[in-house]
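Presented below is the structure to which this report refers.
The values are calculated or read from the model by the stated rules, or taken from the named source; none is laboratory data. Not measured: the values here are computed from a predicted model. Positions of Cβ are backbone-derived with ideal geometry, glycine not excepted, and every protein chain shown enters the neighbour counts. Heavy atoms of the whole protein, side chains included, go into the accessibility calculation; ligands, DNA and RNA do not. Shrake-Rupley method; radii C 1.70, N 1.55, O 1.52, S 1.80 Å.
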Amino acid sequence: MKRLMVVFLIIGMMLVSGAFTALAAEEINVIYMAQAAYQPDEVRDMADLFEELSGIKVNLEFVKYDEQHEKVVLSAVAPVPTYDVFSLDLIWTAEFASKGFCVALDDYITPEVRADIAPAIMDAFVFDGKTWAMPFLANFQLFFYNIDMIKQAGFTGPPKTLEEMVEQMKAMKKKGIVKYPWTDSWNQKEGLTCEYVWLTGAFGGDTFDEKGRPIFNTGPGLKALEFMVMLLDEGLANPKALTNDEPAARDDFIAGNAAFTSNWTFQYGSMNDPAVSKVVGAGKMGLLPVSKDVLGKYPYDSASVSGFQGAAILANSKNKEAAWKYLRYITSPIVQRAYLTEMPVWTSVQTSAYAMTMDPVIDIKAKEIASVHHRPKVPPYPEVSSILQRYIHLALEGKMKPKAALDKAKAEIEAVMGL
Amino acid sequence: MRRRVGELSSERLASILLLPSILIIVCVVIGPLVFAFYLSFYKAEPVIGGISSEFIGFSNYLYYCFKDPLFWNAVRLTTYFTVVSLIIELILGIGMALVLNKRFIGRPFVRSIMLLPWALPTVVNARMWEWIYAGSSFGALNGLMKVLHIFPADYDAVWLGFGVPFQNIPLVGSFMEWVGASTALHMIILADTWKVTPLVTLLVLAALQPIPDNYYEAAGIDGAGAWSQFWHITFPLLRPVLLVILVLRTMELFRVFDIIYILMQYSIRVMGVYTFEVGMKFLHFGKGSALSFLVALFILGIALIYVKLLHSEEIY
């Protein structure tokens, strides 16, 4: 009996002391999607230093991209949230903001901060006139070309326009340099929407208007889809592109099976890695070309698509102040300067002499990032994008004509949005 | 026998012992089921701190039955997937069981390794076939085709592609297009069948073993050939186990999700995938619940038909 009491006493003491340490130190829970961006150990390093400086304990959870949305929703719906801070893909901004899942950060973000982040980046996280996340990662698509193939085909440099690119591809095909000069990630996933958004931009427009209404079925949107279908019909695009995700499209390119592709920033690293790439030296990165009719419309005659990630605070978090401190820290110029593997969001860091020396292509990246088009900012985004993907894919498979596919997509999207 | 004070009757003891598992089942199975059924009559969406719901009666069910073409596409596609998979599994399963029921050297070894695919988790199986079917030169199947000189060195087949098979054959082609079949779907059927056939074989084999040899001997003396022996002796005796297999497999095939989602995400919308997309991606909890009950309704309907068709008095 005595022994039992001693055991209980010890357990009781442990519980009490545990409760006190929990009270003494502030703690925040963070969920971060580990994908082709800052890697978990890097995020952990950032958190370690933050703990050291602030005394706030950071519990990190890493999940796959596909799980993040679900987990954040679950945490927002729960009476007691699992997380305080989460990484937010820009396409969720409208949805989470309209449902009140995250906190508007306008009171926290100072004018100095705003002045140093390009509007193209900040705008991605604005919905209903408020800012819902602090930009953390600036991903976007770039143009990749194989200069050896271009030269073999008898041209001197990369194409400036889409039309010029088609001309080069036809020459390559004719000379048998490469079977399918174009590859891409056109499988029926989010990547397809991204490709379609930049191509619509390259034909001079956007998929949705400023009021969030779909306009893609005429003009630039239609031209973009017709262009994609034409590439397949003419045998210029690899039919395998219809089943490719982004890593698969990269693999096509770095295996030397394509002359051109568009992809996110991560391809640059693999392309120059002799262990995996057959196109080291030949593979180059540049600005995505636009249609010749659009020349002069954009500052750098290029169009891209944004894939930004922000850091946001859950509305039911009990530690909002600590959460903001953490958020401000991981998105700060000093941290981004230390991790130049990803494109910094701060103009002062992008243009610093240090960044220029460390990253020889930062100049191209800075120009491309200023040329991004956003995917539509509408609350039912997952559904809207899914409809778009489905009809675009049907057109690519040749089962529908581009115009008919886009008309139907527009009608369905309007029904979902209640327009 | 006299009971001591405080001793429990065996029924009461049984119910006390069962209580924890019943509680768990109520919490994790029956509770969510009832809640989902309740949600299926509501327009339910997540909001901060809970779920908002608005009663809309049968609207969710009516929407899918009469207004949503995607739902009927999913029904056709799922039915096709189920029927084709079942036919292949049954033919292969019965065939393999018949072979394994004969005596030959190394039979115990073959019987045990045959079960290996079934022991694989579906996720592992899906990932493995993803590598096999990869549409690049890294794909194992493409590699094999090249080694065997069936494909030229610079050709890579897109195994998980969206082409409609037999498109040029008049009726078959339009049927395939109507059900939404694609090369990818057939490849997935193959991958799934590879994994599940051993289970069918095992069940059939278990039913074959008690059939006495003298039935066949007698039939042989009466002049019955192998086929008529199978048709008149084996098949009727296999009926009960076939019923079990059919119900079990139809249920599993009709709600297939994992292998298709892992290999193709949302691009092959069978009912399981569609339900997940509506419920968990678009966050329409009400609609998603309605969809899952519709799936259950279909399975129930099919199961009833099976029981009617195959139920018979056992002849032993």
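A few notes on this one:
- Mean residue ellipticity, 222 nm, helices only, the protein assembly as shown: the sum of -39500 (n - 2.57) across DSSP H runs of n ≥ 4, divided by residue count and rounded to 500, is -16500 deg cm²/dmol.
- In nm, spacing of pseudo-spin labels at B:N214 and B:W72 (7 Å Cα→C-beta vector): 5.9 nm
- B:A153 versus B:I25: modelled label distance in nm, points set 7 Å from Cα along the beta carbon direction: 6.3 nm
- Charge context of A:M358, other residues only, Cβ under 13 angstrom, K/R +1, D/E -1: -1
- Cα gyration tensor, segment B:176-292 - rounded (a/c under 1.5), prolate or oblate: prolate
- Whether chain A is rounded, prolate or oblate, judged on the alpha carbon gyration tensor where a/c under 1.5 counts as rounded: prolate
- A 1.4 Å probe run over chain A, with the rest of the protein chains in place, finds 41 Å² accessible per residue.
- Kirkwood radius and radius of gyration were both taken over the C-alpha atoms of segment A:58-182, and their ratio Rg/Rh is 1.20.
- Semi-axis lengths (Å, descending) of the ellipsoid that matches the C-alpha gyration tensor of chain B: 37, 35, 21
- Relative contact order (percent, whole number), chain A, Cα cutoff 8 Å, 6+ residue spacing: 24 percent
- Solvent exposure, largest accessible area first (probe 1.4 Å, DNA, RNA and ligands not counted), of A:E190, A:E67, B:E217: B:E217, A:E67, A:E190
- When the solvent-accessible area of the protein assembly as shown is split by element, carbon and sulfur atoms take up 65 percent of it, the probe being 1.4 Å.
- Candidate lysines for bridging to A:K292, where Cα separation is under 18 Å - those fewer than 8 sequence places away on the same chain excluded: A:K160, A:K170, A:K223
- Whole-number percent relative contact order across chain B, with pairs defined as alpha carbons under 8 Å at least 6 apart: 25 percent
- For B:L297, the solvent-accessible surface with a 1.4 Å probe is about 110 Å², rounded to the nearest 10.
- For segment A:167-190, residues shielded by at least 30 square angstrom of accessible area compared with the chain on its own, probe 1.4 Å: A:K179, A:Q188, A:K189
- 12 Å Cα-Cα reach of B:K195 towards aspartates and glutamates, excluding residues that sit fewer than 8 places from it in its own chain: B:E89
- Taking a straight line from the alpha carbon of B:K287, these lysines sit under 18 Å away, with near neighbours fewer than eight places off in the same chain left out: B:K43, B:K67.
- Taken along its three principal axes, the alpha carbon spread of segment A:162-300 comes to 48, 31, 30 Å, from the longest extent down to the shortest.
- For the protein assembly as shown, the alpha-carbon radius of gyration amounts to 1.12 times the rule-of-thumb value 2.2 N^0.38 Å expected for a compact globular protein.
- Heavy atoms of B:K146: accessible area, 1.4 Å probe, square angstrom to 10: 40 Å²
- For B:Q209, the shell of other residues with beta-carbons less than 14 Å away shows a net charge of +3, using +1 for Lys and Arg and -1 for Asp and Glu.
- Remark: segment A:256-336 is approximated by an ellipsoid whose semi-axes, taken from the C-alpha gyration tensor as √(5λ), come to 37, 21, 11 Å, largest first.
- On the principal axes of its alpha carbon atoms, segment A:338-396 extends 47, 27, 19 Å, with the longest extent given first.
- Average accessible surface area per residue within chain B, 1.4 Å rolling probe, Å²: 57 Å²
- Accessible surface buried once B binds A (1.4 Å probe; total of both sides; Å²): 2300 Å²
- Calculated P(r) of segment B:57-151 - Cα pairs past 20 Å, %: 68 percent
- Remark on segment A:86-110: accessible area falls by at least 50 square angstrom from chain-alone to full-complex state for A:K99, probe 1.4 angstrom.
- Among residues other than B:A119 with Cβ under 14 Å from its Cβ, the summed charge is +2 (Lys and Arg +1, Asp and Glu -1).
- Backbone phi angles across segment B:82-93, fed through the Karplus curve with coefficients 6.51, -1.76 and 1.60 (θ = phi - 60°), yield HN-Hα couplings of 5, 5, 4, 4, 4, 4, 5, 4, 5, 4, 5, x Hz in residue order; Gly and Pro are listed as x.
- Placed amide H near A:H373: partners under 5 Å, 5+ positions off or other chain: A:S304, A:V305, A:S306
- Using a cutoff of 8 angstrom between alpha carbon atoms and counting only pairs six or more residues apart, the relative contact order for segment A:114-223 works out to 12 percent.
- Put a plus charge on the Cβ of each Lys and Arg, a minus charge on the Cβ of each Asp and Glu, and nothing anywhere else: the dipole of the protein assembly as shown about its Cα centre is then about 1500 debye.
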